[in-house]
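Structure, as structure tokens:
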Amino acid sequence: MTEIDRRDFLVQSAGALAAVAIMPRLGFGAMSLAEPINVGVIGLGRQGRAIIAELSGIEGTSLGAVCDSDERRLAAGSRRARDAKAVGDARAIFDDASIGAVCIATPTHLHRELVEQALQAGKHVYCEAPMAHTIEDCRAIVRAARGAATVFQPGLFARSDPVYQLARTFFRSDAVRDLVSMNASRAKKTSWRTPADDPARDRALNWRLDPEVSIGLAGEWGTHQFDVFHYYLDRFPVEVSGRGGIRLHDDGREIADTIDCVLGYEDGADLVYQATLASSYGGMFELLRGTNAAIKLAWSHGWMFKEADAPTQGWEVYANRQQFHNDEGITLIAGATKLAEQGKLKEGVGLPYTPLRYGLADFLKAATEGGSPATSAEEGLRATVVGIMADKAVRGRTTVAIEPDMLRA
Amino acid sequence: MIDTTGSHAVRLATHAMGTRFELLLAGGDEELLRAAGEEVIELIEDAHRRLTRFERGSVVSEINAAAGVGAVRADNEVFDLLSRCERYRVDSGGAFDVVFSSPVANGGGAERSEAEGVPPRSSAATGEDPLRPASGRPPPQSVTGEENVNQRLVLDRPRRQVMLLQGGSFVDLGGVAKGFALDLAVGALRAAGVGSALLHGGSSTIVAIGGPPDADAWSVAFADDGRSPVARLRDLALSVSSQRGDRPDHVIDPATGRPARAAAWAACLGPSAEATDAWSTALVVLGRRSDACPTGLTTVLRPPSGTTLPGRAGWDVRGPDANALHWPHDGET
């Protein structure tokens, strides 16, 4: 008999990193819509379920229907949304006049058809990123979005994330000065598999490991991070080299579990991108290193590391200084003067909501109040195409060109 | 430690709710077990993000921030959890409660709870009431009806809205969150076809699916002292609460705001980890099995004055799974 002591389980570990936090001005009640809207969610895997949870935090939103062709996933999604209609075919949502917007969180290679149908049905459409698994499908989605009277927004969060918006103002204000290099990384120790008990279901659920439709780590993860650099630089890489391999999950898969890419820009500043399923160290971040300062972004947090010889700009007086090993940072806080007067400077550290909620809120505001979405279909295309090309480079262990025409619809 | 020698077993862990969750999955295809375990890890981390009161943006933080001001909409799972917590409160005569108030403003220094793995300061140590109920121990009352209102918490079911009526009061799900997360985990593992697993949150709440590959049941010792009870778990959850050991005085009596003293040890066995989690906490406060305790729960108590001699003497065990317990030195089951 296997004998276990409860206390033997317990292993403590702790670690804390600190540096310069870039804090936006936020408050409770920020997530509300002027006009109510009924939303349908298509695809109830992890991301679809996360969308359901975040929608409940946006006042004015009601969940009208949830959809998945997999019965178990439909049941799992319905548990969080019992009042919503549960359907196995997205057509039931498109035909439902009470639903004004849909969020599409299906496997990437299924996006195109659903987006086109939803827009044709007059729905506002939020589509998870990457937008598609081929350049052709990306272009078709852009064409559909341009031809629709409704809002289309791809699920790229940087342009909706208050931390990234704030950090971008510093980046553009010359605080960083001349760009030296760029890095981005995402690390999570996970197999990328979904449990499935029969081959058909396994293939359907584990599409990210299917080389025929998957665009790998560079496409599925990298796309989100490449858009950060597009957003900050307004420039795009002209080539990408890549390589990858299996470092942990030697289970017969062909999709690399660890990749390294270098994305080259015309001016010579490179973006080094690394992603792995074999280690969690470092999590997810982007780093822009300049001659005056470096900015590090980690979705809910952001930091700035100033060079010792960088000119003082005045805002440092409100700094919340933190330490990353040998580097001391300065906290950047939107509304720092007011917060400092209230003695609440530290309360602004980190976003109160997930980046997903900010993205969804921007989409729903555009849908209900008019105006442009936070991220356009064209921006979604450019990020996705760079991800697709980076995956191509990784698979071929080669360098591929990213022609300007590829980034146009 | 769990001995997995000779069996196909996958071990996964994550830090959530201020403690460490660990899963041991056995008896199946390793790839399938790992995939199922990873899905469960994400469920647990997601539960943490929704239930913690120490991170802005969680549903609970939003409810607390709006205390005395307004209502907050919760997703179905969180709303239902709060409704069940209200039921636990009523059934336990107020011994279990998730609504507190503090002399220090919520979030500005109120003691961290079990949910974060940091026990509240004891009143003996600080000379002040660490936590006190929002208005003393509230009268138990029914939670039925479309709109549930008691003196402190409104659960508006049609709108799925939650409101704390008193400013400064706050919800802390530390007494139940680990069990809630583990129940979600068990459901996901069963749906994935996992038939042999042992899961725990902070080693105080443990759930077994089936038994290990080489035995009928998982054996789990209450403590590493060679004389505390050992539970044999098969499709059962176990929660243990003690005011001693490495987390002294962490259970607060809602009626007094001071550490509960009615039991040295309290444990519950039952089909739901959430229920065993909640009731083991309540039992430390009550010091006896409540008449309203669900019949499906087995309760294990040792009063503060109970014997420290080896064996079953001094332990009060009642319920349908009493036979799942044995004491190392008397062979009693």
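Applying the condition of being part of a loop (DSSP other than H, G, I, E, B) and more than 10 Å from chain B (Cβ to nearest Cβ) to segment A:46-83 and asking which residue is farthest from residue A:371 (Cα to Cα) yields A:70. Does at least one position in segment B:191-211 carry a residue that is within 14 Å of chain A (Cβ to nearest Cβ) and part of a helix (DSSP H, G or I)? Yes, the conditions are met somewhere in segment B:191-211. The criterion of being closer than 22 Å to residue B:15 by Cβ, touching a residue at least 12 places away in the same chain (Cβ under 8 Å) and surrounded by fewer than 24 Cβ atoms within 10 Å (Cβ to Cβ) holds for residue B:202.
Residue under question is residue B:39, and the condition is that it be closer than 23 Å to residue A:203 by Cα and at the interface with chain A (Cβ under 8 Å from one of its Cβ atoms); does it hold? Yes; evaluated as a whole, the condition is true for this residue.
Evaluating residue A:245 against the criteria (1) surrounded by 14 or more Cβ atoms within 10 Å (Cβ to Cβ); (2) under 24 Å from residue A:399 (Cβ atoms); (3) free of Cβ contacts under 8 Å to residues at least 40 places away in the same chain leaves one unmet condition, (1).
Based on this model, can you work out whether residue B:90 counts as more than 13 Å from chain A (Cβ to nearest Cβ) and either of a type outside the set (A, V, I, L, M) or surrounded by fewer than 23 Cβ atoms within 10 Å (Cβ to Cβ) (or both)? The answer is yes for residue B:90.
Residue A:180 satisfies every condition listed in (1) assigned to a strand (DSSP E or B); (2) within 30 Å of residue A:353 (Cα to Cα) except (2). Reported count of residues in segment B:53-66, each being more than 9 Å from chain A (Cβ to nearest Cβ) and either surrounded by 24 or more Cβ atoms within 10 Å (Cβ to Cβ) or in a helix (DSSP H, G or I) (or both), is 4. Name the one entry in A:86, A:92 that is more than 24 Å from the chain's Cα centre (by Cα), within 14 Å of another protein chain (Cβ to nearest Cβ) and either in a helix (DSSP H, G or I) or crowded, with 17+ Cβ neighbours inside 10 Å (or both). The match here is A:86.
Does segment B:218-241 hold any residues that are farther than 18 Å from residue B:266 by Cβ and either more than 8 Å from every other protein chain (Cβ to nearest Cβ) or among the β-branched types (Val, Ile, Thr) (or both), and which are they?
B:226, B:232, B:234, B:235
Within segment A:357-369, none of the residues are part of a loop (DSSP other than H, G, I, E, B), within 27 Å of residue A:160 (Cβ to Cβ) and modelled with pLDDT of 95 or more. In a residue-by-residue description of segment B:146-155, the property of being within 12 Å of chain A (Cβ to nearest Cβ) and either within 14 Å of the chain's Cα centre (by Cα) or not basic (Lys, Arg) (or both) applies to no position.
The values are calculated or read from the model by the stated rules, or taken from the named source; none is laboratory data. Given the structure is predicted, the values throughout are model-derived calculations rather than measurements. Cβ: placed from backbone, ideal geometry, glycine included. Neighbour counts: every protein chain shown.
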